[in-house]
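Here the structure comes first, spelled out in structure tokens, and everything after it is commentary.
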Amino acid sequence: MKRIIIFAICLLALVGSAIATPVTEEQASSVTVYAYDSFLGEWGAGESIAKAFEEKTGIKVNLVGCNGASELVQRIAYEGKDCPADIALGISDSMLVDTSLFASDLDAFSGYDIDQGCLIPFDWGVFAFEADTQKIQSMPKSLEDLAKPEYKGKFILIDPRTSSVGLGLLLWTIDAFGPDGYLSWWRSVKDNALTIADSWSSAYGLFTEGEAPLVITYTTSPVYHVMWEDTTRYQALEFTNGHIKTTEYCAILKSSRNRANAELFVQFLLNEGQESLAVANTMFPVNETVELPPAFDYALRPSRIVSFDRQKIVDNLDKWIADWEKIW
Amino acid sequence: MKRVESRSISLAFIFMLGLFIVPMAFTLSNAFIVDSRFSLSALAKVAANPYNLRILGFSLLQAFLSSLLSLSLGIIGSYVLAAYSFRLKSLVRVVYSVPFVLPSILVVLGFVIFWGNSGFLNSLLERLLGTDEPVIKVLYSFPAILMAHAFYNYPVAVNIISSTWEAMDNRVEMAASSLGAGRVKAFLTVTLPRLKASIISAGSLIFLYCFTSFAIILVLGGGPRFTTMEVEIYRKAKLSMDISSASVLCLFSLVICLLVLWIYNRAQRKAKMIESFEISSQKLPKIKKSLHKRGLEAFLVYSFIILSLIYILGPLASIFLRAFLSSSSRSASRILSLKAYEKIFSAGSASLLAIANSSLIALASAIMSTLLALELCAFITKARTAALELVSMLPMVVSSVMLGLGYWMLSRYMGFLDKRVLIALSHTILSLPFALRTLLPAYRSLPANLRNAALTLGADSRKAFWQVHFPLLWPSVLASLLFGFAISLGELNATLMLGDGRLVTVPVLLYRLIGSYDYQSACALGSILIIVSLMAFGLGELLKRRRHA
Amino acid sequence: MPDYGLECKALKASYPGFRLNIDMAVEKGDFVSLIGPSGCGKSTTLSLISGLLEAESGEVLCNGKNVSSLRPYERRMGFVFQDYALFSNMNVGRNISYSPRLHKVPKAEIEKKVSDLLEVCHLSEKARSSVNELSGGQKQRVALARAIASEPDVLLLDEPLSALDAKLRTALRGEVRSICKRFELTTVYVTHDRQEAFALSDRIFLMRDGSIQASGTAEDLYRKPNSLFAASFTGDGSILDAETSRALVRKGDYDDISLPGSGILFFRPEAVTIYENGQERSSFFSTIEMENAKVLGFEYQGDRYLVSFEYNQRRILAYSGHRIEEGWRSLSVRLVDLLAYDKSSDQEAY
């Protein structure tokens, strides 16, 4: 039957081409890294770090992209002991993770501030509002200022349920106004904001397109524009409420079959890779000895930086979010 | 003869089963699994939460209003296409078809660039009116959702309704006219009832699309106020890691979709009975009115055409324009340049690979879905029940997030398959409803005797198909191929889920570009996607015309 | 001055293939037919009269009033289509009451009108039926009733019976006429069936290539057609050339007719007498004699046979009371029964 034949040919062609370009994962010496999607790709830090690492050690790096940090962890949990990953990269400090998945015998990294016994930090940032100085002259000085009529439709917030930056903002307000007061802040700004974006990239994209002159982001965001666009028009604003710190972690899987390679990779990440990581991610490196390009002078280092207690997050997040949902 | 046919039926059916029902079953089974045990508690938890009920209510409301808007505009557009002849009509038709196959992120992009506070429209108006503040503040609100949905679904309405309308002969309207009914009255009492079937058909498709709409709601809606089921499923599945809740929501969603499909089917059957009566053997060719000397009428018609073209081309043109406007430095004003195109086409860049991957996958899935649809056509036209037709429509309306999730779970067992194959297969299923929609009417209108004539003249069943039916079906086959190609080219969610991040297609690249706030390159790539869609549909139009000639 | 229910004055329109130029006048209350070969523009003419198609120039007058600038729904002209064009989303009663409802006629009046019409059309028990369930003849009657219910000044029917079988056609056509007469409607009836036209009409208009070639009563057109075309269209007949037939003339005792010098001679089958070869015949009248005509074939018509002969490469039709299958016969035509036409007028024998 002609139809079936054509059908089969197409299928075979595809499979054939697939076989021709082997996508094997297990090679003699390799390490597999599950990372969030933006780590990969042309503009992510992944490619350059992987290349540099391969050049240095000869170990092949397999980068696997996942659609966001939580999918990352979810996938690892789902794949269980069959998971080919050696390293999970991109876990943020507000996420709940099943620590049993990750290796906790991390003597090699004792110098670092290891969280929960298995999470190794590799970069960090501070949340703040950024302003487009060309579009706005009178800057808000605190979170409360944003409720003022003069800022109506002028700032972009992010949904804490779908974005770690959004979550950071939520925690910031809880820190600034307390668990009893944060909702009233949200109530006061919810009609004042231009929009509550679903992700940081949406929000930031709208910001750079000129939809609104203020956006919640990292204090290091202006650095990107200085480095790549040669402009200083974007500035991070220091608020009187202090600022929340966020850290990004990676972890080595307990089920990893390339433990030694994995450790080498993490070491690389924390040393030689720090600069390109900082530049690509536009975040601060954990390794203080790294020398940063001059553009980083434009990153705001606030006078008061607050860290949120992880246990508190774990205990209360569901309730905080549920309450937050109700105000809409 | 019968044996041969039943063989082909099972192949198509198995395919449907494997590619759609199994992944869905995988995903949905999670609704009943709590802590690795069978339980209904997940269902109870979700159903009891008033927030979920609110979301459901909102999803239904926005879908309903969006489809109302899309249908109204679609009816007007169909009328203009069916009743009048004017220059560049084919071009208008092609433009009307484009929005639908664009990935929704591109639609969102276009809307922001065109309608946004700093968009082209506002910039223009600000300059004209000499103000500093944006004049039209329509985005990030409920109306924005409706507008974007209308933009997206207008082509569906126009395509489905106008093809029926054009095929109708207008004797009945003439009769009404001779009985004293003015144009409006005649339309309301006589024409509209005849169009009921196609309006319902278009309406339910649009409703389901809006119900499962995602990117548009997320970005253009403006916040948590406007959350739909799909968004919530996405949140639960991807971010809260609460697969069982996501599955429950998906289950609820599915049930509602099935309900809508069922209602649609019943209404369509009823309306079809009325239609079939009217098929007379002698069809007068419909004389379309030219707008030559018609004063007010011409003005209204041209106004509508121009406004609708602005509405559709505005966001699309904005994408093109934005691709050319680059700024040497952010502080300077923008200048026109080809920088973005140079960038994305530079040697070794991901774009070329993305285009290659996309094309290959699109080609494969277009061919496969068309073949599958052809197989199913024969079976469906003979079947008594509409069950198979309904089921084959499902992929179009089921949450792509969940479908992707299902495939991903399935892929763990099918790891030997190349990612591209998997994606092509998923695209095949997604295009299948369109292929069917395109081929079924053509198949049904094949004269029954033609095949018999061929058989009596000595051609066996297979030959009869290829030598007699196929040439007649060819234009529809081509249309189905083009549609499948365009749809696959613009598909994002399933590709992201299955691609592992290493397989780059055009939409994935687009998504990444937007994510790394390189809007300009995103627009450059998007403009290429638009051009390809325009070409595909232009080709389809050309072929349709040749067929009629 | 007769009272015209419908007049068309120089009604012109052009279409790919032909141009229409209509001049016609129908007396009030008359039932007239419009006949002609297919493609001559009969249906188009009706559409022009009703306004469903726009004319380029010319006037249409309805009961003396110029309606040319009015849209179809403003002219009071009923229209019955070939395929009835019934509204399938309404039942029989609502179809018929469509126009009165539009014009906001009081409900009681509508009901009475509808039931009257249903009775006249013998459809009383079908008032609530769906139109899809009706037979062809019933649909036709509903279409007629619907048009009449709109109280038109003029009723236009476009081959309303052509979709029905022969027996039904014959049965219904009389009904159509009597209904129209009962309501005193000026009616124009388009048909391709000349027998139908002959049976029904007060007057017949014969159309060709977009214009009216002849008009008159059925008898006028049959017996004294004004052109060869009219002659051939209105009935069977045979043609002879005048010049070459001179030799065949046998002078009769009682008349004094002679053939024209040139031209075309036309005669009906009933004017031909068939003789056996060599048979005695009377010599009262001057005739054309055709000896030894060969029998080509015959058509059985129930009450007689229409036999066709070949004579001098011409086909001659004649009636016979009995069957003539083959052989040779002699044919005779009285000069008085001949119709003569100029050679210059259209040669096309229909």
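Against the definition (facing chain B (nearest Cβ under 9 Å) and in a strand (DSSP E or B)), how does residue C:58 come out, yes or no?
The answer is no for residue C:58.
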Does residue C:133 satisfy being acidic (Asp, Glu), more than 22 Å from residue C:50 (Cα to Cα) and at pLDDT 90 or above?
no
In the set B:80, B:112, B:107, B:95, which member is part of a helix (DSSP H, G or I), within 28 Å of residue B:535 (Cβ to Cβ) and within 13 Å of chain A (Cβ to nearest Cβ)?
B:112
Looking at region A:204-297, what helices (runs of 4 or more DSSP H) fall wholly within it and have at least 1 residues that are in the same structural domain as residue A:98 (by TED's automatic domain parsing) and more than 21 Å from the chain's Cα centre (by Cα)?
A:259-270
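Could you check region B:149-194 and list, in sequence order, the residues that are outside any helix (DSSP H, G or I) and free of Cβ contacts under 8 Å to residues at least 24 places away in the same chain?
Hits for region B:149-194 are B:179, B:180, B:181, B:182.
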When (1) more than 14 Å from every other protein chain (Cβ to nearest Cβ); (2) without any contact (Cβ under 8 Å) to a residue 12 or more places away in the chain; (3) in contact with a Lys or Arg (Cβ under 8 Å, 6 or more places away or on another chain) are applied to residue C:102, the one that fails is (1)
For region A:87-122, what are the residues that are of a type outside the set (Val, Ile, Thr) and either within 30 Å of residue A:193 (Cα to Cα) or without any contact (Cβ under 8 Å) to a residue 12 or more places away in the chain (or both)?
A:90, A:92, A:93, A:94, A:95, A:96, A:105, A:107, A:110, A:111
Please go through region C:283-323 and pick out each residue that is hydroxyl-bearing (Ser, Thr, Tyr) and surrounded by 11 or more Cβ atoms within 10 Å (Cβ to Cβ).
C:283, C:286, C:287, C:305, C:308, C:311, C:319, C:320
Any helices (runs of 4 or more DSSP H) falling wholly within region C:72-176 and containing at least 1 residues that are among the β-branched types (Val, Ile, Thr) and under 23 Å from the mean Cα position of the chain (by Cα):
C:136-149
All positions within region B:133-186 that are over 30 Å from residue C:90 (Cα atoms), facing another protein chain (nearest Cβ under 10 Å) and out of contact with any Ser or Thr (no Cβ under 9 Å at 6 or more places or on another chain)
B:133, B:137, B:144
Any residue that is over 22 Å from residue A:171 (Cα atoms) and in a strand (DSSP E or B) - is there at least one of those in region A:108-119?
no
Among the residues in region A:304-315, are any more than 26 Å from residue A:112 (Cβ to Cβ) and assigned by TED's automatic domain parsing to the domain that holds residue A:141?
no
In this structure, is residue B:105 within 21 Å of residue A:155 (Cα to Cα) and either in the same structural domain as residue B:203 (by TED's automatic domain parsing) or touching a Leu at 6+ places or on another chain (Cβ under 9 Å) (or both)?
no
Here's a check for you: in region B:236-259, which residue that is modelled with pLDDT under 75 and charged (D, E, K, R) is surrounded by the fewest Cβ atoms within 10 Å (Cβ to Cβ)?
B:242
Listing of strands (runs of 3 or more DSSP E) fully contained in region A:1-104 that carry 3 or more residues being at the interface with chain B (Cβ under 10 Å from one of its Cβ atoms), touching a strand residue (DSSP E or B) at 6+ places or on another chain (Cβ under 7 Å) and at pLDDT 75 or above:
A:30-36, A:60-66
Would you confirm whether any residue within region C:140-152 is in contact (Cβ under 8 Å) with a residue 24 or more places away in the chain, more than 27 Å from residue C:8 (Cβ to Cβ) and facing another protein chain (nearest Cβ under 10 Å)?
no
From the options A:234, A:224, residue that is touching a Pro at 6+ places or on another chain (Cβ under 8 Å), within 12 Å of chain B (Cβ to nearest Cβ) and within 30 Å of residue B:123 (Cβ to Cβ)
A:234
Across region C:62-75, which residue is farthest from the other protein chains (Cβ to nearest Cβ) among those that are surrounded by fewer than 18 Cβ atoms within 10 Å (Cβ to Cβ) and touching a residue at least 60 places away in the same chain (Cβ under 8 Å)?
C:64
Select from region C:146-180 the residues that are more than 19 Å from residue C:32 (Cα to Cα) and in contact with a helix residue (DSSP H, G or I) (Cβ under 7 Å, 6 or more places away or on another chain) and list them in ascending order.
C:146, C:149, C:150, C:163, C:164, C:168
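The values are calculated or read from the model by the stated rules, or taken from the named source; none is laboratory data. None of the values given here were measured: they were computed from a predicted structure. Here Cβ is always computed from backbone atoms with ideal geometry, including for glycine, and neighbour counts include all displayed protein chains.
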